[in-house]
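Chemist: Input: one structure, supplied below.
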Amino acid sequence: MALKNRDAYKALEDVLGTEYISEEPAVLDSYAFQWGAELFTDTPFLPRSGAIVLPHKTEEVQAIVKICNKYKVRYKAISHGWGFYSALGLDENAIHIDMRRMNRIIEINEKSMYAVVEPYVSCAMLQAETLKKGLNVNMIGAGCNTCAMPLTAHQGTGSGGVSTSCGDRNCLAVEWVTPDGEIIKFGSLGSGNGWFCGDGPGPSLRGIIRGTQGVMGGLGIFTKAATKLYPWYGPPQPELEGASPYYRFKELPPNFDIHHPIFPSWDKLIEAAMKIAENELAMMIFRLPPPMLCEALTGSGDEGAELLAEIQQESNGRPGFLVIIAGSTVAEFNYRKKVLAQIMAETGGEFLSHLEKEDVKRMFLWSETRYSGGVREAFRAVGRFLGAIGDSAMFQTSTRLMLDCMELKKEFQKRGNIRADDGPDAIIGMIFENGHTGHAEQLIMCHPTGAGWRDLMEFTVECEKLAISKCYTAPVTVWGDDAHDRWGPHLCNYHLWLRKIKKTFDPNGVSEAAMYISAKE
Amino acid sequence: MSEKEQLMKILGKDNVSDAPEELAKYAEDESFVHPIRPRCVAKPANTDEIQKLINWANETLTPIVPISSGPPHFRGDTVPSIGGAVIVDLSRMKKIVRVDGEHRIAMIEPGVTFKELIPAVRKEGLRLNMPLLPRASKSVLGSMLEREPVIMPKYHWDISDPLACTEVIYGTGDLLRTGSAAGPGSLKEQWKSGAAQNEAAGPIQADFLRLIQGAQGTMGIVTWATIRCEHAPIIEEPYLIGSSKLNDLLEYTYWLIRNRMADDCLLLNDANLARILAKEWPTEYEKIKNTLPPWILFFTISGPKYFPEDRISYLKTDMASLAQSLKLEPLRAIGKASAFELLKILHEPSEEPYWKLRGKGSCHDIFFITIYDQLSEQVDIMNSLAMKFDYPVYDMGIYIQPIVQGVNYHCEFNIFFDPTNSLEKCKIESLSEEAFNTLSNRGAFFSRPYGSWVDMAYRKDAETTIALRKIKKMFDPNNIMNPGKLCF
């Protein structure tokens, strides 16, 4: 398969040169090979796009988009390309725009605590530089390999959100190539005053480029953006020891500690998590279910299973979460530890003994700070996951919805395509902005087959129905026309406005909308 | 039926007026915008009436201008830009719908003022992230829709804070609840499920709140909103640091905010601090001012529910050590300014007369958003401009507010003047325009343009202007919502 419109191909080649455009089947397949493809094709491959193009600068991106509009060729830009989201909806009438050559950190402003990045700057890459200046990034839960831009991510939330907020709210000024090929610079940038503010003059254009979820390639291309940074109290260039996957801090950084408290009940867990968040004690609050916790703490599936057995014995079904306490001074750190102890006493919390081992602390603190929990754990078992996803409004309600969904899941597990949890639950949870908002989800591992995915998606839809019936806030996985049409009537018909935005800013419908919304009437 | 009678049918006869003395109140304000008398004033009481009113305005193509705060108004955004407008005065909508202490959220209608909301949230153990001394008649919602700066930068995560969810009737007459309030279910059903309308973004893949904020009533009318609050501390200690060098105070402020040490945190010059503290004018103003250094940083530290004394104790040590390294000294009083007195004043709305009207009778604010690196230079530029226009620099108020957790700074120059002196007024209008031109070329971002700044702001950013006009066409295709404002 190659790009059907040969005039378009030639025009793209003229802009990029032959080196940065390809329609080689092997190259196209490398983009079409995505986890989750089985849901759509029963194979690990999604349909190939017509061509891959690799722009180097904004002007090239703009030229590509204008060509696509001229020849009615659909396009989808990807930064780090994560799962089926990054390649869905493409075919021989569409191109993939791979942003990997746009990988520059444009600016790190220490005094104003923001960084300006291009789309292929990863969280890890940016964090390596910001730590040197005593600043940290909002590490996205999908891993440090994901895009540091606060725009391209689906949700943009991570385990450190209690102190580093989340995607949509970390965004400052943006450079946006609109679906029809104009360049709009938001806020202070548009007025020629730099990257520090993304809102105004007057209403904020940030309102149309993402909500609780990003537009996921469905509304043009973001070529640069500024993101807020947060204080980092650890060493500027951490000294490590060990080898992958067992890297660890050589010494536990001063004024840092990590615990995994467990609680007599979910109610007590929620109470404790919220108290810790509201009292501004934590750098990170992250709820990982026991099997995933054990995967995160170990280097292989076997080690994970062994540790799980040990932890299960100690926790005896009591749920817990991970908490990292850090302080800018010794006194602050000691105060926070003292309050944490008090909250543990009030809520019946106990620290899981495995996480109290000094070497485990050094390893887990490093991995949670640097890699972000979730990735190794989500993929190691079967390489495929999704699940019941909560909202990004409240940790409390989102967690309660996930607990309700656990009952539903048991029915689906009987079919044999959804992996058993090997533990009491599969609930992941996180808290943002000192507890003002939060999120939970129930990640389900499914067998990498079409049947596995279909069961999983059916389960997801059942969970959505449950959320609607109980008036829980909408999940952060509403993608594509079907899902928007399903949710819109329950959410003041927002989807009709979203369609107007799409139609207005993408008059030719060329920015691929499989993960966004189409302009259909 | 006349148009007035049609409106009376929707709102009741007591809530529509075209009495000349009533119309005159809305025809002009303290700003330099040209006075235009509205056709009539309508005072709806609820969402249903607003929706009907907007539908009526679409049918009759009548411009409508929403207003939620009481007078005096300062920016010209509530003065009609064209004739024949109906003022939609929301001051009857005064319900504090709910204050949720557990989830730190208050839900209010647009007519609720700071004076009314502050005691209601205190009762639930909460505090508001306030703007600097709002006037008593200022609508909380009006302030937050305009993205006015607030005095606790540590809790100002995003420029849209502390506004969370809203219910809005767009210019089309359609209703949308933004953020997590959108649904599923009614508000009551959501409360029953434990939800608190606290997530501002969304629903889903757009952030509709951001299209209403900063819009000066040009997109629709907000009928209620939720406001993020914070837990009230058990102990709160205020400090003042004075200096003749703004840069030294900015460096201290930077570390206070970066390490999340301070709650309230703002900088004033001597003229503004004296104006805020003075009770008798002009004698006390001069007396206080003469005892103050040119720049004063005000900040508070707090002890929450858990071991409040312990927290205060370490913060005192940390802030003192930081101050020592910069050769500064946090004090309880500087000259005739007491930190505790200022704390008390700043946590309430302004006493009457409104602090910006004291002394000369009126005030014009020149304000913008900037960053740490550029602030000092911009202050110097403004001082030079004031001198150029013969405005007494020693009398000019300056207010610097770190916002968005220190990522941005709101910088505001308060130009006090005698509104009966037309020559002075004329000079200040020219000063304001030149300040925009000069400062916006030196890094100042006028994110909230009013009056004569509007055209200049949008001329600098043609692409944003085009995009905003497309959005306006979606939400208000007949351009009935406050036409003539911003780039619409």
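Chemist: Can you tell me which of A:THR146, A:THR152, A:THR157 is more than 30 Å from A:HIS260 (Cα to Cα) and modelled with pLDDT under 95?
Modeler: Details: A:THR146 fails: more than 30 Å from A:HIS260 (Cα to Cα); A:THR157 fails: more than 30 Å from A:HIS260 (Cα to Cα).
Just a single option satisfies the conditions, and that option is A:THR152.
Chemist: Is it fair to say A:THR152 is hydroxyl-bearing (Ser, Thr, Tyr), buried (at least 24 other Cβ atoms within 10 Å of the Cβ) and more than 30 Å from A:GLY304 (Cα to Cα)?
Modeler: Spelling it out, A:THR152 is indeed hydroxyl-bearing (Ser, Thr, Tyr), buried (at least 24 other Cβ atoms within 10 Å of the Cβ) and more than 30 Å from A:GLY304 (Cα to Cα).
Chemist: Which residue is nearest to the other protein chains (Cβ to nearest Cβ), if the candidates are limited to region A:375-395 and must be crowded, with 24+ Cβ neighbours inside 10 Å and more than 13 Å from A:CYS446 (Cα to Cα)?
Modeler: If we take residues in region A:375-395 being crowded, with 24+ Cβ neighbours inside 10 Å and more than 13 Å from A:CYS446 (Cα to Cα), then A:ALA393 is nearest to the other protein chains (Cβ to nearest Cβ).
Chemist: Do you know which of the residues in region B:453-485 that are out of contact with any Asp or Glu (no Cβ under 9 Å at 6 or more places or on another chain), crowded, with 16+ Cβ neighbours inside 10 Å and within 22 Å of B:HIS364 (Cα to Cα) is nearest to the other protein chains (Cβ to nearest Cβ)?
Modeler: B:ALA457
Chemist: Just to verify a result, which residue in region A:308-352, among those that are of a type in the set (Val, Ile, Thr) and away from chain B (no Cβ under 14 Å), is nearest to A:PHE286 (Cα to Cα)?
Modeler: So the first thing to find is which residues in region A:308-352 are of a type in the set (Val, Ile, Thr), and the list is A:311, A:323-325, A:329-330, A:339, A:343, A:347.
Subsequent filtering for residues that are away from chain B (no Cβ under 14 Å) retains A:311, A:323-324.
On the way: A:ILE311: 17, A:VAL323: 6, A:ILE324: 9 Å.
Only one residue tops the list, namely A:VAL323.
Chemist: Right, here's the next one. How about region A:371-399: which of its residues are within 18 Å of A:GLY156 (Cβ to Cβ) and either aromatic (Phe, Trp, Tyr) or in a helix (DSSP H, G or I) (or both)? It would help to see each step written out before you state the result.
Modeler: Kept after step one, since they are within 18 Å of A:GLY156 (Cβ to Cβ), are these residues of region A:371-399: A:371-375, A:378, A:386, A:389-395, A:398.
Within region A:371-399, A:TYR371, A:VAL375, A:ALA378, A:PHE395, A:SER398 meet the criteria.
Chemist: Same structure, new question: Of the numbered conditions (1) at the interface with chain B (Cβ under 7 Å from one of its Cβ atoms); (2) at pLDDT 95 or above, A:ASP180 fails exactly one; give the number of that condition.
Modeler: Evaluating A:ASP180 over (1) at the interface with chain B (Cβ under 7 Å from one of its Cβ atoms); (2) at pLDDT 95 or above leaves (1) as the failure.
Chemist: In region A:465-508, how many are of a type in the set (Val, Ile, Thr) and out of contact with any helix residue (DSSP H, G or I) (no Cβ under 9 Å at 6 or more places or on another chain)?
Modeler: Summing the residues that are of a type in the set (Val, Ile, Thr) and out of contact with any helix residue (DSSP H, G or I) (no Cβ under 9 Å at 6 or more places or on another chain) in region A:465-508 gives 1.
Chemist: A follow-up question, please. With (1) more than 14 Å from chain A (Cβ to nearest Cβ); (2) in contact with a strand residue (DSSP E or B) (Cβ under 7 Å, 6 or more places away or on another chain) as the list, and B:VAL393 as the residue in question, which single condition is left unmet?
Modeler: (2)
Chemist: Which of the strands (runs of 3 or more DSSP E) found entirely inside region A:52-142 contain at least 3 residues meeting this: in contact with a Phe, Trp or Tyr (Cβ under 9 Å, 6 or more places away or on another chain) and more than 14 Å from chain B (Cβ to nearest Cβ)?
Modeler: Details: elements: A:74-78, A:94-98, A:105-109, A:114-117.
Result: A:94-98.
Chemist: Which numbered condition in (1) more than 7 Å from every other protein chain (Cβ to nearest Cβ); (2) over 30 Å from B:GLY303 (Cβ atoms) is the only one that B:ALA232 fails?
Modeler: Answer for B:ALA232: the failing condition is (2).
Chemist: Mind listing whichever residues of region A:436-455 are within 14 Å of chain B (Cβ to nearest Cβ) and either assigned to a helix (DSSP H, G or I) or within 17 Å of the chain's Cα centre (by Cα) (or both)?
Modeler: As a first pass, look at region A:436-455 and keep what is within 14 Å of chain B (Cβ to nearest Cβ): A:436-440.
If the condition is that a residue be within 14 Å of chain B (Cβ to nearest Cβ) and either assigned to a helix (DSSP H, G or I) or within 17 Å of the chain's Cα centre (by Cα) (or both), then A:THR437, A:GLY438, A:HIS439, A:ALA440 are the ones that fit.
Chemist: I need the full set of residues from region B:170-184 which are more than 9 Å from chain A (Cβ to nearest Cβ) and either surrounded by fewer than 24 Cβ atoms within 10 Å (Cβ to Cβ) or on the phi > 0 side of the Ramachandran plot (or both), in order please.
Modeler: Answer for region B:170-184, where residues must be more than 9 Å from chain A (Cβ to nearest Cβ) and either surrounded by fewer than 24 Cβ atoms within 10 Å (Cβ to Cβ) or on the phi > 0 side of the Ramachandran plot (or both): B:THR172, B:GLY173.
Chemist: Among the residues that make up region B:137-153, is at least one of them more than 12 Å from every other protein chain (Cβ to nearest Cβ), surrounded by fewer than 24 Cβ atoms within 10 Å (Cβ to Cβ) and more than 20 Å from the chain's Cα centre (by Cα)?
Modeler: No.
Chemist: Output the strands (runs of 3 or more DSSP E) that fall wholly within region A:186-292 and possess 1 or more residues being within 12 Å of chain B (Cβ to nearest Cβ) and crowded, with 24+ Cβ neighbours inside 10 Å, or say none. Spell out the reasoning first.
Modeler: Numbers: elements: A:221-228, A:256-259, A:282-287.
Those strands (runs of 3 or more DSSP E) span A:221-228, A:282-287.
Chemist: Okay, next question. When both residues are 6+ apart or on different chains and their Cβ atoms are under 9 Å apart, which pairs have a first residue that lies in region B:449-460 and is in contact (Cβ under 8 Å) with a residue 24 or more places away in the chain, and a second that is among the β-branched types (Val, Ile, Thr) and part of a loop (DSSP other than H, G, I, E, B)?
Modeler: What qualifies is B:TYR450/B:VAL33; B:GLY451/B:VAL33; B:SER452/B:VAL33.
Chemist: I've got another one for you. Which residues, taken from region B:224-238, are touching a Ser or Thr at 6+ places or on another chain (Cβ under 7 Å) and more than 14 Å from B:MET107 (Cα to Cα)?
Modeler: Listed by number, the residues that qualify are B:PRO233, B:ILE235, B:GLU236, B:GLU237, B:PRO238.
Chemist: Give region A:338-393 a look and list any residue that's more than 19 Å from the chain's Cα centre (by Cα), within 23 Å of A:GLY141 (Cβ to Cβ) and of a type outside the set (A, V, I, L, M, F, W, C), or say none.
Modeler: A:HIS354, A:LYS361, A:ARG362
Chemist: For region A:421-466, name all the residues that are within 29 Å of B:ASN198 (Cβ to Cβ) and aromatic (Phe, Trp, Tyr).
Modeler: A:PHE432, A:PHE459
Chemist: Can you say whether B:ILE227 is assigned by TED's automatic domain parsing to the domain that holds B:SER139, free of Cβ contacts under 8 Å to residues at least 24 places away in the same chain and within 30 Å of B:TYR170 (Cβ to Cβ), as far as the supplied structure shows? Before the answer, list the steps.
Modeler: Working: assigned by TED's automatic domain parsing to the domain that holds B:SER139: yes; free of Cβ contacts under 8 Å to residues at least 24 places away in the same chain: no; within 30 Å of B:TYR170 (Cβ to Cβ): yes.
Here the answer is no, as B:ILE227 does not meet what is asked.
Chemist: Count, please, the residues in region A:501-521 that happen to be within 18 Å of B:ILE471 (Cα to Cα) and surrounded by 16 or more Cβ atoms within 10 Å (Cβ to Cβ).
Modeler: The total comes to 11.
Chemist: Quick check on A:VAL339: is it at pLDDT 95 or above, closer than 22 Å to A:LEU269 by Cα, assigned by TED's automatic domain parsing to the domain that holds A:PRO261 and not in a helix (DSSP H, G or I)?
Modeler: Values: at pLDDT 95 or above: yes; closer than 22 Å to A:LEU269 by Cα: yes; assigned by TED's automatic domain parsing to the domain that holds A:PRO261: yes; not in a helix (DSSP H, G or I): no.
No.
Chemist: Among what's in region A:470-494 and is more than 8 Å from chain B (Cβ to nearest Cβ) and part of a helix (DSSP H, G or I), pick the residue that is farthest from the chain's Cα centre (by Cα).
Modeler: The residue in question is A:PRO489.
Chemist: Considering only region A:417-435, I want to know if a residue exists there that is at the interface with chain B (Cβ under 10 Å from one of its Cβ atoms), assigned to a helix (DSSP H, G or I) and among the polar types (S, T, N, Q). Even if it seems obvious, please write down each step before you answer.
Modeler: Pass one, region A:417-435, residues at the interface with chain B (Cβ under 10 Å from one of its Cβ atoms): A:432-435.
So of that shortlist, the ones also assigned to a helix (DSSP H, G or I) come out as A:433-435.
Still in the list and also among the polar types (S, T, N, Q): A:434.
Yes, there is a match, as at least one residue in region A:417-435 is at the interface with chain B (Cβ under 10 Å from one of its Cβ atoms), assigned to a helix (DSSP H, G or I) and among the polar types (S, T, N, Q).
Results for (1) at pLDDT below 95; (2) closer than 23 Å to A:ILE285 by Cβ, shown as yes or no for each residue.
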{"site": "A:GLY194", "(1), (2)": "no, no"}
{"site": "A:ASP199", "(1), (2)": "no, no"}
{"site": "A:GLY218", "(1), (2)": "no, no"}
{"site": "A:TRP232", "(1), (2)": "no, yes"}
{"site": "A:PRO238", "(1), (2)": "yes, yes"}
{"site": "A:ALA243", "(1), (2)": "yes, no"}
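Chemist: Another one. Do you know which residues across region B:1-44 are among the polar types (S, T, N, Q) and surrounded by fewer than 18 Cβ atoms within 10 Å (Cβ to Cβ)?
Modeler: Residues of region B:1-44 among the polar types (S, T, N, Q): B:2, B:6, B:15, B:17, B:31.
If the condition is that a residue be among the polar types (S, T, N, Q) and surrounded by fewer than 18 Cβ atoms within 10 Å (Cβ to Cβ), then B:SER2, B:GLN6, B:ASN15 are the ones that fit.
Chemist: Between a residue in region A:425-441 that is over 17 Å from A:ILE140 (Cβ atoms) and any residue that is in a strand (DSSP E or B) and among the β-branched types (Val, Ile, Thr), which pairs come within a Cβ distance under 7 Å, given they are 6 or more apart or on different chains?
Modeler: So the pair list comes out as A:ALA426/A:ILE444.
Chemist: Just the residues that are within 19 Å of A:VAL478 (Cβ to Cβ) and either within 12 Å of chain B (Cβ to nearest Cβ) or not in a loop (DSSP other than H, G, I, E, B) (or both), please, taken from region A:507-521. Before you say what the answer is, go through the steps one by one.
Modeler: First, pick out the residues of region A:507-521 that are within 19 Å of A:VAL478 (Cβ to Cβ): A:511-520.
Residues satisfying the conditions are A:SER511, A:ALA513, A:MET515, A:TYR516, A:ILE517.
The values are calculated or read from the model by the stated rules, or taken from the named source; none is laboratory data. Note that the structure is predicted; figures quoted are calculated from it, not measured. Using ideal geometry, Cβ is built from the backbone for each residue, glycine included, and neighbour counts are taken over all protein chains shown.
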